[in-house]
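The values are calculated or read from the model by the stated rules, or taken from the named source; none is laboratory data. All figures in this text were calculated on a predicted structure; none of them were measured in a lab. With ideal geometry, Cβ positions are generated from the backbone for all residues, glycine too; neighbour counts draw on all protein chains shown.
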Amino acid sequence: NQGAVHEKIGVFNKVITGNNHAMVLGDEFDLRVFPQAWRYGFAVERRHRGGIQRSLQFFDAAGAAVHKVHLRPVSNLHAYRKLVAELVSANQEPTMSLKARVADLGARTADRAGTVDDLREHWSRLTDVNLLKTLKLSRCQALRMVGQDYAWLLDNAAVGAVLQRAAEDELPIMCFVGNRGSIQTHSGLIKSVKQIGPCIYVLDETFRLHLRSHQIREVWAVR
């Protein structure tokens, strides 16, 4: 998304499809896909540093990126070309009609939201954040409503501090970055954390994160 780029380097080993979502799994991968948000796909090839960089790039109806897959030097080029040939569209026009972005479904109006008592009752036995949908609350609304014994605001600088401390203490973490069409997760250790200006980077062998900290609106501690 515009605030964070989450890159995993590895092989897709298993794809599990369902009615409304799919899972892509591997030794380094945990990717959740929501196909209803995917509208356009492109095979992209461009010259880069004396070679050709190849990728598959996917976008929603408004033209926002939902996922990208970049080939590595050891990637199976034959399989890539075969897949592109099988999926190539007859429509190769240089322009397309994009739709205006739909309002975020997570932004619920107050008159539709559950009460604080309802929320706290659910929270006390919460095992899945998707249960918040039964109260018609977005996560941010729920965090503000539930009370400081369950959730409290932190300074935005806490994100960089947490990542740096996790690397120093060799503390395994889970890092999710998502958009309307996909959510990708890193689970495990992180090693190399750097901050350059407003941007925070994790630069590990199979995981890379680029976070624009100046675009962070709120940071919450939750229990």
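Just wondering, is there one or more residues in region 166-182 that are surrounded by 14 or more Cβ atoms within 10 Å (Cβ to Cβ) and over 24 Å from residue 66 (Cα atoms)?
The answer is yes; a qualifying residue exists.
Mind checking which helices (runs of 4 or more DSSP H) fall wholly inside region 114-223 and carry at least 3 residues that are within 30 Å of residue 63 (Cα to Cα) and not aliphatic (A, V, I, L, M)?
In region 114-223, 139-146 are the helices (runs of 4 or more DSSP H) which contain 3 or more residues that are within 30 Å of residue 63 (Cα to Cα) and not aliphatic (A, V, I, L, M).
So which residues in region 62-74 are modelled with pLDDT of 95 or more and either more than 20 Å from residue 5 (Cα to Cα) or in contact with an Asp or Glu (Cβ under 6 Å, 6 or more places away or on another chain) (or both), if there are any at all?
Within region 62-74, 66 is the sole residue that qualifies.
Show the residue pairs meeting these rules: Cβ distance below 7 Å; 6+ apart or different chains; first residue within region 90-104 and among the aliphatic types (A, V, I, L, M); second residue modelled with pLDDT of 90 or more and part of a loop (DSSP other than H, G, I, E, B).
Every condition considered, the pairs that remain are 98/61; 98/62; 98/63; 100/62.
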